[in-house]
Amino acid sequence: MLEDDVSRELAELISRHGALIVELELTREPKPEAPKQELVQLRVKELDLRAKIIAWPPSNRAEAYRKIEHFARVLATGVSLDQATVRFVLRSVQRFL
């Protein structure tokens, strides 16, 4: 199974990043009790995890597919990625496609 060939570290990064995106999505609802500093910290964590996943050099086809699949899900949530980032991600997985 492809999932077995994905490193634990990459799987954990993707899982944590996905959870943060959901959490940030939920905070878009007007909540007066949500402190601005807390939202900023969540956003910083999200950007840090995103950068680590973007920079991850897939070591096999399973990791390449998992990386592409994750960013497709990220885009589906409405999060935008700039063109340079998309090109970088695609280049990083190109040899496995």
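The values are calculated or read from the model by the stated rules, or taken from the named source; none is laboratory data. Everything numeric here is computed off the predicted structure, so don't read it as measured data. All Cβ positions, glycine included, derive from the backbone under ideal geometry; neighbour counts span all protein chains shown. We work out accessible area using only protein heavy atoms, side chains counted, and drop any ligands, DNA or RNA first. Shrake-Rupley method; radii C 1.70, N 1.55, O 1.52, S 1.80 Å.
Below are the figures for this structure:
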{"quantity": "Top-ranked residue of region 11-36 - restricted to ones that are part of a helix (DSSP H, G or I) and modelled with pLDDT under 85, ranked as most open to solvent (accessible area, probe 1.4 Å)", "calculated": "Lys36"}
{"quantity": "Region 52-91, residues that are open to solvent by less than 30 Å² (accessible area, probe 1.4 Å), part of a helix (DSSP H, G or I) and either of a type in the set (Asp, Glu) or over 27 Å from Thr27 (Cβ atoms) (or both)", "calculated": "Ala62, Glu63, Ala64"}
